[in-house]
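Chemist: Take a look at this one; I'll ask things after.
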Amino acid sequence: MKRGQRKPPKSEAIEPPIPSTAAPDVTVNHASRLPVAPPQCPAHVPVPQNPGVVEVLPMLKDVPLSDRHVVFIRKLQNCCIMFDFSDTMKSAREKEIKRQSLAELVDLVQSGSCKMNEIMQEELVKMISVNIFRCLPPSTHDTGLEGIDPEEEELFMDPLWPHLQLVYELLLRYVVSSDTDTKVAKKYLDHSFVLKLIDLFDSEDMREREYLKTILHRIYGRFMVHRPFIRNAINNIFYRFLFETERYCGIGELLEILGSIINGFALPMKEEHKLFLVRTLIPLHKAKCVTSYHHQLSYCTTQFVEKDYRLADSVIRGMLKYWPVTNCGKEVLFLGELEEILEVTQSAEFQRCMVPLFRQIGRCLNSLNFQVSERALFWWNNEHIVSLIAENRHVILPIIFDALEKNIQGHWNQAILGLSSNVRKMFLEMDIELFEKCQRQYEEMEAGAGVREERRELAWKRLEEVATQI
């Protein structure tokens, strides 16, 4: 018996408002990459009786086992029809039929009660592609709303989400299912599919990005053949963000995936991973919107140093290179990240970068923004950092002594005065001879400050006299 060609039962037809014209090779973000020939249906795929029409089909559990795969494919074809969600009341019945079909497919794949052959898997991925690979709605930075405070801006909620959520859930269940053979699935979840999936991270809907994060992470874990490609694709997203657009919604989610990937790197670390740290992760600190993804970025950089302590010097010097000049909020974030890095830094690496590091810390101690100064002074509450400072006090104390004394003599914030006095007392207890030496040098410098000021004013007067004679 040719079961695949058995005549399907009669079904009620419902005209949809918008028949789908999208092919599975639609490219996200208005970018068409490669011309692709229109897909041809395999000989064993049942052709719908009325293309572009939603059919009311029986539940799969009520269909004989011999016909279940035919109805399964027809349901997938039903779900390829797209609807206009700008009007919630328009085509409400058809939308509900599609939603029920998607929910049933999710349950079926999750339960594993229907083992899918290659044709069924191909049709499943086609349906998923038609639904999720689309032109994303215009973002706020494309509509002239850049001046809006991100905290006051309303979260974007994609009107397609009632169907999109089920499609993403179906894709996730397919990827993680123990019945999914990766050797077969990689034919359909190929590089083109993965690349378009990564492009969707620019969606402004946070719910969609969360699903994408989980799915891409699962694909990375199960499909080893895709791992280098995924890392390169994410790297290219970061390059485009850094050097072209400086706008991308899913940087935080991509960094969260990378944090898990970095945690699994084998030692000794490959050169390509070290280059990724230096050329991509560290420059990500310079972006204006770094506050939106700094937590994930900090985790990634700390993971690198935990994996290979010799990278601490490169990370610290790289952060000093991109240190913010006028953004106090970013300075507080940088100080917090540096503290986490120093906690896993060994003495030899610390000695390589301590001079430029504590020159910057001295400037932070004297910051008129009390949060910056306070965050820098909190370093002396960390036992590991204090031990590193004590070990190298002969170099560090002369660098920051001037900043501590200026804080004690005249900082406007009482909390900073108290914290500076506590740090000064710690150095005094560490090495009283070194402290007294630094104090004498400071007093001599202050005593000579008046003489230097007089010389400077005299030089300006002479310059003015010469200028008037010309």
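Chemist: What number of residues within segment 322-343 are more than 28 Å from residue 242 (Cα to Cα) and of a type outside the set (D, E, K, R)?
Modeler: Total meeting the criteria: 0.
Chemist: Read through the list (1) open to solvent by 70 Å² or more (accessible area, probe 1.4 Å); (2) without any contact (Cβ under 8 Å) to a residue 12 or more places away in the chain; (3) under 25 Å from residue 330 (Cα atoms), then give the number of the only condition that residue 206 fails.
Modeler: (2)
Chemist: Using the structure shown, decide if residue 247 is on the phi < 0 side of the Ramachandran plot, of a type in the set (Lys, Arg) and modelled with pLDDT of 95 or more.
Modeler: No.
Chemist: Looking only at segment 172-198, count how many residues are among the aliphatic types (A, V, I, L, M), farther than 15 Å from residue 132 by Cβ and surrounded by fewer than 20 Cβ atoms within 10 Å (Cβ to Cβ).
Modeler: Going through segment 172-198 one residue at a time, the tally reaches 2.
Chemist: Tell me whether segment 429-441 contains one or more residues that are surrounded by 14 or more Cβ atoms within 10 Å (Cβ to Cβ), in a helix (DSSP H, G or I) and touching a Ser or Thr at 6+ places or on another chain (Cβ under 9 Å).
Modeler: Within segment 429-441, not a single residue is surrounded by 14 or more Cβ atoms within 10 Å (Cβ to Cβ), in a helix (DSSP H, G or I) and touching a Ser or Thr at 6+ places or on another chain (Cβ under 9 Å).
Chemist: Within segment 295-306, can one find any residue that is among the β-branched types (Val, Ile, Thr) and buried (at least 21 other Cβ atoms within 10 Å of the Cβ)?
Modeler: yes
Chemist: Run down 220, 211 and say which single residue is of a type in the set (Phe, Trp, Tyr), open to solvent by 20 Å² or more (accessible area, probe 1.4 Å) and either in contact with a Phe, Trp or Tyr (Cβ under 9 Å, 6 or more places away or on another chain) or under 18 Å from residue 132 (Cα atoms) (or both).
Modeler: Within the list 220, 211, the selection yields 211.
Each row is one residue, and each column tells you yes or no for (1) at pLDDT below 60; (2) open to solvent by 10 Å² or more (accessible area, probe 1.4 Å).
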{"residue": "107", "(1), (2)": "no, yes"}
{"residue": "115", "(1), (2)": "no, yes"}
{"residue": "122", "(1), (2)": "no, yes"}
{"residue": "129", "(1), (2)": "no, no"}
{"residue": "134", "(1), (2)": "no, yes"}
{"residue": "143", "(1), (2)": "yes, yes"}
{"residue": "146", "(1), (2)": "yes, yes"}
{"residue": "150", "(1), (2)": "yes, yes"}
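Chemist: What about residue 234, is it at pLDDT 95 or above, more than 16 Å from the chain's Cα centre (by Cα) and open to solvent by less than 30 Å² (accessible area, probe 1.4 Å)?
Modeler: Taking the combined requirement at face value, the residue does not satisfy it.
Chemist: Taking into account only those residues within segment 370-416 that are modelled with pLDDT of 95 or more and not in a helix (DSSP H, G or I), which is nearest to residue 444 (Cα to Cα)?
Modeler: 392
Chemist: Still on this structure: Would you mention how many residues in segment 412-464 are within 22 Å of residue 398 (Cβ to Cβ) and touching a residue at least 24 places away in the same chain (Cβ under 8 Å)?
Modeler: Of the residues in that region, 16 qualify.
Chemist: If you go through segment 444-464 one residue at a time, do you hit one that is in a helix (DSSP H, G or I) and buried (at least 19 other Cβ atoms within 10 Å of the Cβ)?
Modeler: No, there is no match, as no residue in segment 444-464 is in a helix (DSSP H, G or I) and buried (at least 19 other Cβ atoms within 10 Å of the Cβ).
Chemist: Then there is this: Report yes if residue 201 is touching a Lys or Arg at 6+ places or on another chain (Cβ under 7 Å) and surrounded by 20 or more Cβ atoms within 10 Å (Cβ to Cβ), otherwise no.
Modeler: It is true that residue 201 is touching a Lys or Arg at 6+ places or on another chain (Cβ under 7 Å) and surrounded by 20 or more Cβ atoms within 10 Å (Cβ to Cβ).
Chemist: What is the one condition in (1) open to solvent by 50 Å² or more (accessible area, probe 1.4 Å); (2) in contact with a helix residue (DSSP H, G or I) (Cβ under 7 Å, 6 or more places away or on another chain) that residue 329 does not satisfy?
Modeler: Single failed check for residue 329: (1).
Chemist: Of all the residues that make up segment 99-127, how many are under 15 Å from residue 171 (Cα atoms), outside any helix (DSSP H, G or I) and not aliphatic (A, V, I, L, M)?
Modeler: The qualifying residues number 1.
Chemist: In segment 240-270, which residues are of a type in the set (Ser, Thr, Tyr), open to solvent by 40 Å² or more (accessible area, probe 1.4 Å) and closer than 20 Å to residue 212 by Cα?
Modeler: Residue satisfying the conditions is 260 alone.
Chemist: What are the residues in segment 332-373 that are polar (S, T, N, Q), within 25 Å of residue 405 (Cα to Cα) and surrounded by 21 or more Cβ atoms within 10 Å (Cβ to Cβ), if any?
Modeler: 373
Chemist: Filter segment 63-110 down to residues that are out of contact with any helix residue (DSSP H, G or I) (no Cβ under 8 Å at 6 or more places or on another chain) and β-branched (Val, Ile, Thr), then give me how many there are.
Modeler: The qualifying residues number 1.
Chemist: For residue 319, are the conditions met, namely being in contact with a helix residue (DSSP H, G or I) (Cβ under 7 Å, 6 or more places away or on another chain), modelled with pLDDT of 95 or more and open to solvent by less than 10 Å² (accessible area, probe 1.4 Å)?
Modeler: The answer is yes for residue 319.
The values are calculated or read from the model by the stated rules, or taken from the named source; none is laboratory data. Quantities reported herein were computed from a predicted structural model and do not represent experimental measurements. Cβ coordinates were reconstructed from backbone atoms using ideal geometry, including for glycine residues, and neighbour counts include every protein chain displayed. Accessible surface areas use protein heavy atoms only, side chains included; no ligands, DNA or RNA. Shrake-Rupley method; radii C 1.70, N 1.55, O 1.52, S 1.80 Å.
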